[in-house]
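Novice: I am attaching a structure below and will ask some questions about it afterwards.
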Amino acid sequence: MSFGDLKLHANLLAGIRELGFTRPTAIQADAIPPALEGRDLLACAQTGSGKTAAFMLPILHRLMDTPRGKTRALILAPTRELAAQILADMQDLAVHTPLNGAAIFGGVGMGPQEHAFRSGVDVIVATPGRLLDHFRAPYAKLDALEVLVLDEADRMLDMGFLPDIRRVLRHIPTKRQTLFFSATMPPPIATLAREMLRSPATINLERQSAAAVGITQAIYPVPQELKSALFLALLNRGDMREALVFTRTKHRANRLCEYLLKNGIEADRIHGNRSQTQRTAALEGFKNGRFRVLVATDIAARGIDVEELGHVVNFDVPLVPADYIHRIGRTGRADAVGDAFTFVAREEEGELGAIEKVLGKRLPRVTVPDFDYAARPEGRLEIPLGERLATMRAHKAGDRNRAQANQARRQGSAPASAPAGGARGSSRTAGSGRPVSGGGRPPGGGGGRPAGGGGGRPSGGGGGRSPSGGGGGRRFGGPRSPR
C-alpha cells in the first residue's frame with residue numbers, strides 16, 4: 001500500500017513525498033482509513049510506530065475544506081517535549097497547506113499561547129495542566145472543536161493527569177470525533193476510553209507493550225558503582241557514536257552528566273528541574289550533534305524524536321515494563337534499526353525479570369572484554385537518600401540553633417529603664433551596656449560612643465527601630481540573624 005491509496009488530499013501527499021515517506025507504517029495503514037471516515041478510534045501503538053502521522057494526516061485532510069479562524073482540533077499530550085514534537089510533525093506534514101497550529105504547555109510565557117486562542121489556530125497541541133490554566137480565561141473557547149486526540153494516554157495516567165483530562169472534557173463539545181492512542185491499556189485507561197468513545201474502530205488491542213521490530217536489545221550486568229565507568233568505556237571504544245541515556249532520578253542525571261563532561265564527553269541533561277529553555281537547548285544540541293550524549297529521566301521518554309538515533313541506554317532499569325518499551329522506542333523509529341543497552345546491577349534483576357516476562361523472551365547478556373568489573377569506583381554517582389535526608393536534617397537543626405542563639409542575644413541586649421534624673425552609680429546608659437562610673441568614660445559613654453550608640457550610629461538608628469535599641473538589632477558587629 002502507498003500513501004496515494006489512502007485517498008489523502010494532494011497537498012498532504014506532496015508534503016509526505018518531500019519528507020521521504022513512500023509507504024505507510026502498519027499503524028498508519030490501519031488507523032487512517034477509519035479516521036478519514038469520521039469514526040472514533042481506539043489504538044494500541046508502540047513508541048516509534050509512526051502514530052503521530054496516523055492521527056495527524058486525517059485531521060489535516062478533514063480541515064482542508066472547513067472554514068478557518070476557529071480551532072477545530074485539539075491534541076492532548078503528557079509532556080512538553082512530546083507536545084512540541086507533535087507540533088513540529090504537523091508543520092512538516094502541512095507545509096503545502098494553509099493550516100497552522102500552536103503548542104500549549106507550561107514553563108514558557110502565556111502571551112503567545114493566548115494569541116493562538118484568540119486568533120483561532122487550526123490545531124492546538126497541549127498538555128492538560130497548562131490548557132486548564134487557559135480555560136480560566138474567557139478567551140479560551142473551543143466551542144468549534146471537531147476532533148480530540150489523546151496521545152500516550154497511559155503515560156498521562158502514570159503522571160496523574162486523568163482528573164485533568166476529565167476537566168478538559170467539560171470545556172469542549174460532546175459531539176466530536178475522538179482518536180485515542182495508548183501503548184498499553186490498563187483498567188483506568190480502558191474505563192476512560194469507554195466513557196469517551198462511541199463505537200470505535202479498534203487497532204492492535206492484543207499487541208500491547210511490544211518493542212519496535214528493528215531494535216536490538218542487550219543486557220549489560222555490572223555493579224551499580226561501575227555503571228558510569230562502563231558507559232564511558234563503551235563510548236571510548238567507539239561502540240556508540242551517540243546515545244540517549246535514561247537514569248532513574250534527576251540527581252543521577254546531573255551526576256552522570258558531570259562525570260561525562262569531566263572525562264571529555266560532550267553531554268547535557270534534560271529533566272523536570274530544568275527550565276523549558278534549558279530543556280529545549282539540550283534537545284536541540286543533541287539533535288544537531290553538539291552533544292554526543294543526552295542524559296534524561298522518564299519525563300523525556302515520550303517526547304524525544306531524533307532522526308537515526310542509533311543507541312538508547314537504560315543506565316538504570318525502569319521500575320515498570322511500559323517505561324522500558326517507551327525508553328527504547330526512541331531508537332528504531334518508523335521501521336528503522338537501533339540498539340538498546342540496559343545496565344543491570346544485582347539489585348535490579350527483579351525489575352529486569354518483569355520486563356522479560358512482558359517481552360516474552362530472555363534478553364542476551366553481554367560482558368565487555370578488557371573492562372575491569374572488580375575495579376575500585378572513582379566515587380559515588382548518587383548519595384543514598386537516607387544520607388541526604390540526614391544531612392538536610394542536620395543543616396536545618398543548625399539553622400534553628402543559630403536562630404535561637406541570635407534571638408536570645410537580641411533579647412539579652414534589650415535596654416533597661418533608666419532611673420529618673422539620669423544614670424548614676426552602676427546604672428547603664430541606653431544602648432551602651434556599660435556603667436557610667438568607674439571607668440573614666442564620659443557620661444552616656446560606651447567606649448566613647450555617643451549615647452544610644454550601637455556601632456557609632458546616632459540615637460534612634462538601626463533601621464527604623466525604637467530609639468532605645470539602636471544598632472539595627474545587632475550589638476557592635478555581633479553575628480547576623482540567619483537569612
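Novice: Answer yes or no as to whether ARG166 is assigned by TED's automatic domain parsing to the domain that holds SER49, in contact with a Phe, Trp or Tyr (Cβ under 8 Å, 6 or more places away or on another chain) and either of a type outside the set (Gly, Ala, Ser) or in a helix (DSSP H, G or I) (or both).
Specialist: Here the answer is no, as ARG166 does not meet what is asked.
Novice: Determine which member of the set MET196, MET156 is at pLDDT below 90 and either of a type in the set (A, V, I, L, M, F, W, C) or not assigned by TED's automatic domain parsing to the domain that holds ALA29 (or both).
Specialist: MET156
Novice: Of the residues in segment 33-73, how many are out of contact with any Lys or Arg (no Cβ under 9 Å at 6 or more places or on another chain), more than 25 Å from ASP298 (Cβ to Cβ) and buried (at least 23 other Cβ atoms within 10 Å of the Cβ)?
Specialist: Looking only at that region, the number is 4.
Novice: Under 8 Å between Cβ atoms, at least 6 apart or on separate chains: pull out the pairs that start in segment 249-276 with a residue that is surrounded by fewer than 20 Cβ atoms within 10 Å (Cβ to Cβ) and end on any residue that is β-branched (Val, Ile, Thr) and assigned to a helix (DSSP H, G or I).
Specialist: GLY272/ILE299
Novice: Here is a follow-up. Which residue pairs have Cβ atoms under 6 Å apart, sit 6 or more places apart or on different chains, and have a first residue in segment 171-186 that is free of Cβ contacts under 8 Å to residues at least 60 places away in the same chain and a second that is crowded, with 21+ Cβ neighbours inside 10 Å?
Specialist: From segment 171-186, the pairs are ARG176/LEU148.
Novice: Restricting to segment 117-152, what's the tally of residues that are of a type in the set (D, E, K, R), surrounded by 23 or more Cβ atoms within 10 Å (Cβ to Cβ) and within 24 Å of the chain's Cα centre (by Cα)?
Specialist: Of the residues in that region, 2 qualify.
Novice: OK, next. For segment 175-196, which residues satisfy the criterion of being under 13 Å from LEU150 (Cβ atoms) and in a loop (DSSP other than H, G, I, E, B)?
Specialist: Answer for segment 175-196, where residues must be under 13 Å from LEU150 (Cβ atoms) and in a loop (DSSP other than H, G, I, E, B): ARG176, ALA183, MET185.
Novice: In contact with an Asp or Glu (Cβ under 8 Å, 6 or more places away or on another chain) and over 23 Å from SER275 (Cβ atoms): is that true of LEU93 in this structure?
Specialist: Judged against the criteria, LEU93 is not a match.
Novice: Test ARG17 against the criterion of being out of contact with any Leu (no Cβ under 9 Å at 6 or more places or on another chain) and either outside any loop (DSSP other than H, G, I, E, B) or not assigned by TED's automatic domain parsing to the domain that holds PHE180 (or both), and give yes or no.
Specialist: The answer is yes for ARG17.
Novice: Exactly one condition in (1) touching a Gly at 6+ places or on another chain (Cβ under 6 Å); (2) under 30 Å from ARG39 (Cβ atoms); (3) surrounded by fewer than 20 Cβ atoms within 10 Å (Cβ to Cβ) is not met by PRO200; state its number.
Specialist: (1)
Novice: Determine whether PHE3 is more than 24 Å from ILE189 (Cβ to Cβ), touching a helix residue (DSSP H, G or I) at 6+ places or on another chain (Cβ under 9 Å) and of a type outside the set (A, V, I, L, M).
Specialist: Yes, satisfied.
Novice: Look at segment 89-109 and say how many of its residues are under 20 Å from PRO78 (Cα atoms), of a type outside the set (Val, Ile, Thr) and in a loop (DSSP other than H, G, I, E, B).
Specialist: Residues meeting the conditions: 4.
Novice: Could I ask something else about it? So which residues in segment 77-100 are over 23 Å from the mean Cα position of the chain (by Cα) and touching a residue at least 12 places away in the same chain (Cβ under 8 Å), if there are any at all?
Specialist: Result: ASP92, LEU93, ALA94, VAL95, HIS96, THR97, PRO98, LEU99, ASN100.
Novice: Give just the number: which of (1) at pLDDT below 90; (2) closer than 30 Å to GLY160 by Cβ; (3) out of contact with any strand residue (DSSP E or B) (no Cβ under 9 Å at 6 or more places or on another chain) does ALA53 not satisfy?
Specialist: (1)
Novice: Sort out which residues of segment 37-76 are over 32 Å from the mean Cα position of the chain (by Cα) and part of a loop (DSSP other than H, G, I, E, B), and write them in order of number.
Specialist: Residues satisfying the conditions are GLU37, GLY38, ARG39, MET64, ASP65, THR66, PRO67, ARG68, GLY69.
The values are calculated or read from the model by the stated rules, or taken from the named source; none is laboratory data. None of the values given here were measured: they were computed from a predicted structure. All Cβ positions, even for glycine, are placed from backbone atoms using ideal geometry, and neighbour counts span all protein chains on display.
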